[in-house]
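Since every read-out is calculated from the coordinates, none of them should be taken as a lab result. These numbers were taken from a predicted model, which means no experiment stands behind them. Here the Cβ positions follow ideal geometry from the backbone for every residue, glycine too, while neighbour counts run over all protein chains shown.
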Amino acid sequence: MLLALFGGVLIGLSASLAHAVARQVVGVSGILGGLLRPPARPLGFGLWFIAGLVLGGLLIARFAAPVATTLAPRSLAWLLLSGLLVGFGTRLGSGCTSGHGVCGISRLSVRSLVATGVFMATGAAVVFLTRHVFNLWGAG
Amino acid sequence: MSTWRSAGLGLVCGLVFAAGLVLSGMTDPARVLGFLDFAGDWDPRLAFVMVGAIGVHFTWLRLAPRFQGPEARAFSLAPHAPVTRPLILGAALFGVGWGMAGYCPGPAVVNLGLGLREGSVFLAAMLGGMGLYRLFASRTAERLDGVAQE
């Protein structure tokens, strides 16, 4: 619980640093979407932010305990469909957990508050259906 | 701001963000699905990620005008923009995908660095979904709201 809070504080510090120095919003889906739309600037904030995310993962995997998940493996089709929905949905809805959930809510954006409520609700509904109605992957 | 400076800033912000995502458990889909499982053995820990992140960022955004002058205010409060159908529909679709696998965009990117195969497969599909949106948006651009991406 303290680790979760501390991790959240780091995310908040990252968002605040980006705002303080460059007025950048650290919304991952928005940044990725911008990079997919050429011409991507080779030295822009976005590309290097994404590079930092990947490099951070590499360093943690190299020097810290591996992150273990206890989930039963999901089918490839299930993963691909979920990925497509997240990619399409975050672009259509102008943001994801970071852009709406952290940056937008911190800016008191009504749009972000509504979006966060909606994706939390549909996410919880899908988990309810897969785990408690159709019991797809065992108890998870 | 020079391009090199903005690249360096991006890298630092990305590294700190990645550390936050891993430490908080957001990169572990089991934890995420446990958090969304209100009817089961609910794992409340990820709520503290939001508390920490919003607590720090909200506080900074309120303090920014004091340190950086009134110009910072324009970037601290969101403009009043309408809640639109694309916003609701997009968030709903995103939530469905999130609840299916337990990955949202940031953790999916970090999973690539962590070398976790499942998350990397998800990331590839997610980028495909973003590409699909570009095709869709270019056809219906005039019907979509022109609000900047959050």
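The figures follow:
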{"item": "Local electrostatic count at B:LEU132 - Lys and Arg +1, Asp and Glu -1, tallied over other residues with Cβ under 12 Å", "result": "+3"}
{"item": "Neighbour-count ranking [beta-carbon atoms within 10 angstrom, fewest first] of B:ASP43, B:ASP28", "result": "B:ASP43, B:ASP28"}
{"item": "Student exercise, chain B dipole from Lys, Arg, Asp, Glu Cβ charges, in Debye to nearest 20", "result": "400"}
{"item": "The range A:20-140 pair-distance distribution - Cα-Cα, 5 Å bins, rounded %", "result": "2, 9, 13, 17, 18, 19, 14, 6, 2, 1"}
{"item": "Added length on full extension, which subtracts the Cα-Cα distance from 0.36 nm per residue, A:LEU36 to A:MET1", "result": "9.0 nm"}
{"item": "Fewest-first ranking of B:TYR133, B:TYR103, using other Cβ atoms within 10 Å as the exposure measure", "result": "B:TYR133, B:TYR103"}
{"item": "Exposure proxy order (Cβ contacts within 10 Å, fewest to most) of A:SER109, A:SER98", "result": "A:SER109, A:SER98"}
{"item": "Within the protein assembly as shown: Cβ-based charge dipole about Cα centre, in debye rounded to nearest 20 (Lys, Arg +1; Asp, Glu -1)", "result": "560"}
{"item": "Chain B: DSSP helices with Cα axial extent of at least 18 Å and average Kyte-Doolittle hydropathy no lower than 1.0", "result": "B:3-24, B:85-101"}
{"item": "Rg/Rh for chain B, where both radii come from Cα atoms and Rh is the Kirkwood radius", "result": "0.99"}
{"item": "Lys/Arg +1, Asp/Glu -1 at C-beta; the range A:2-139 dipole; positive extreme among A:LEU36, A:GLY7, A:SER82", "result": "A:LEU36"}
{"item": "Part-to-part distance (alpha-carbon centres) for the range B:64-117 and the range A:1-30, which is given in Å", "result": "11"}
{"item": "Dipole magnitude (debye, nearest 20) for chain A, charges at Cβ of Lys, Arg, Asp, Glu", "result": "220"}
